[in-house]
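These notes are about the structure you will find just below.
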Amino acid sequence: MSFASSPPSILASLKPLQLIVMSLQKPLLRHDIELEVSTLLPPGATPHDYVLKPSDIVRVLQADLILWMGPVVEPYLVSVIARADQNKVIDISQLAGLKRLAFRALLENGEGHEDDKHHEHEHGHDEMLQFDPHIWWSVDNAGVIAARVMTALDVKSDKSSIVTQAMQPVRALLANNKIKAMKQQPSFIIFHDGLQYLESDLGVVSAARVALDDDHRPGIKTLLALKQKVKVNQVVCVVAETNTNVSIIHKIEAATPLRQIVIDSLGWGRESYQDMLQQAYDKILACHS
C-alpha cells in the first residue's frame, strides 16, 4: 500500500499498539524508512468511556493507517471508522494467528466464577466480548500485529526479516524473565484482570482475580475468601491499575502486610514496548517471598 504522506502517518487507538508498531522503527531505519506513529486515546482515558473530539475525528480520517481493537472493545470509534477508507483500517481483534484467551473466573461472593455482567460492563458494549482483549501483553501477539502492519507498508525489503529483528529484543527479554519466574515463583492477586497474557507468557498464575470498581465492591464472603487465598498461597502482592482504590488491602492481609504494585494495562508512561514489558515483568517477579 502506498501512502500519501512521507513518513506514513500511523494512528493507533491505544498506547500499547503504538509501542508495538514503534518496535519496527529501528530495523526500518536501516532501510531508510521512517514511521510517524501516534496514539488516539489520551493519557488517563479508557476506551470504555472516551468521547471523541472534532480534532480526534480529523486525525482518524487523515491517517494513512489506523489500528484499533474493533467495535466491541472500542465502540466510541465505530462511527468514525465507518467513514474512513477501509483499506487503511486494521481491526486488531480480527487478525489471523492472534492468541485469544477466554476470560478467567473472578472471585465473587466468596467463589470464583465467570462474571459475564462485569465483563460486559467493563467493556461498555451490548455485544459480549468473546475473549480477553488485553492481547498486547503477549509477545507472540505483538509479532502478529507487527507483521500485519508490515504487510500494509510499501517496503521492498524482506518484511518477515524486519519483523523478526523488531521482535528479537522482546523475545529475549521474555525468555530471560521466564527463567526468573520459574525460580522465584511470584505469588499475587489482581484487582483488575488485565494481565492474563503476560502471566501466560511468564508461566505464572495469579492466586485470585477480583472485580474492583464503583459497581463491584467485594462483599464479606469475597473478602473472607480472598484472605484465605492470601494465607494459603502466601500471597506477597496486590496488583492494581493506576487509579484503583485498594483500601480493602488491610482487610485481606494475613500475618505479613501485602505490597501494592501498580501496572497500567494500557502502558501509559512507557517509552517502548520493551520498556512496557520490562517494567511489568520486574514488578510481578518482585512478588516472591
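The values are calculated or read from the model by the stated rules, or taken from the named source; none is laboratory data. This structure is a prediction, so every number in the text was calculated from the model and none was measured. As a convention, Cβ positions derive from the backbone with ideal geometry for all residues, glycine included, and neighbour counts pool all protein chains shown.
Here is a yes/no grid of residues against (1) closer than 17 Å to S157 by Cα; (2) modelled with pLDDT of 95 or more; (3) surrounded by fewer than 18 Cβ atoms within 10 Å (Cβ to Cβ); (4) touching a Cys at 6+ places or on another chain (Cβ under 8 Å):
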residue	(1), (2), (3), (4)
A4	no, no, yes, no
L14	no, yes, no, no
L17	no, yes, no, no
I20	no, yes, no, no
D49	no, no, yes, no
K53	no, yes, yes, no
Members of the stretch 13-59 that are within 21 Å of the chain's Cα centre (by Cα), over 23 Å from T242 (Cα atoms) and of a type in the set (A, V, I, L, M): V21, M22, L24, V37
The residue that is farthest from I135 (Cα to Cα), considering only those in the stretch 191-221 that are surrounded by 20 or more Cβ atoms within 10 Å (Cβ to Cβ) and of a type in the set (V, I, T), is V210
Go through the stretch 237-259 residue by residue and tally those that are within 22 Å of I220 (Cβ to Cβ) and of a type outside the set (A, V, I, L, M). 7
In the stretch 175-190, is there at least one residue being under 25 Å from A102 (Cα atoms), without any contact (Cβ under 8 Å) to a residue 60 or more places away in the chain, touching a Phe, Trp or Tyr at 6+ places or on another chain (Cβ under 7 Å) and buried (at least 17 other Cβ atoms within 10 Å of the Cβ)? no
Inter-residue pairs, beta-carbon under 6 Å, first closer than 20 Å to E199 by Cβ and modelled with pLDDT of 95 or more and in the stretch 93-107, second in a loop (DSSP other than H, G, I, E, B) and of a type in the set (S, T, N, Q), 6+ apart: K99/S138
Do you know which residues across the stretch 194-218 are touching a residue at least 40 places away in the same chain (Cβ under 8 Å), within 12 Å of V238 (Cα to Cα) and assigned to a loop (DSSP other than H, G, I, E, B)? V210
Count, please, the residues in the stretch 57-69 that happen to be outside any strand (DSSP E or B) and crowded, with 19+ Cβ neighbours inside 10 Å. 4
All but one of (1) basic (K, R); (2) over 30 Å from V78 (Cβ atoms); (3) assigned to a helix (DSSP H, G or I) hold for K156; which doesn't? (3)
If T222 passes every condition in (1) over 30 Å from T39 (Cα atoms); (2) part of a loop (DSSP other than H, G, I, E, B); (3) of a type in the set (S, T, N, Q) but one, which one does it miss? (2)
Criterion first (assigned to a helix (DSSP H, G or I) and either touching a helix residue (DSSP H, G or I) at 6+ places or on another chain (Cβ under 9 Å) or more than 24 Å from D140 (Cα to Cα) (or both)) does K178 satisfy it? yes
Assess whether G112 counts as being out of contact with any Lys or Arg (no Cβ under 7 Å at 6 or more places or on another chain) and modelled with pLDDT of 95 or more. no
May I ask you to list the residues in the stretch 241-274 that are outside any loop (DSSP other than H, G, I, E, B), out of contact with any Leu (no Cβ under 7 Å at 6 or more places or on another chain) and loosely packed, with under 15 Cβ neighbours inside 10 Å? H250, Q260, V262
Across the stretch 276-289, which residue is farthest from the chain's Cα centre (by Cα) among those that are in contact (Cβ under 8 Å) with a residue 40 or more places away in the chain and closer than 28 Å to L24 by Cα? L285
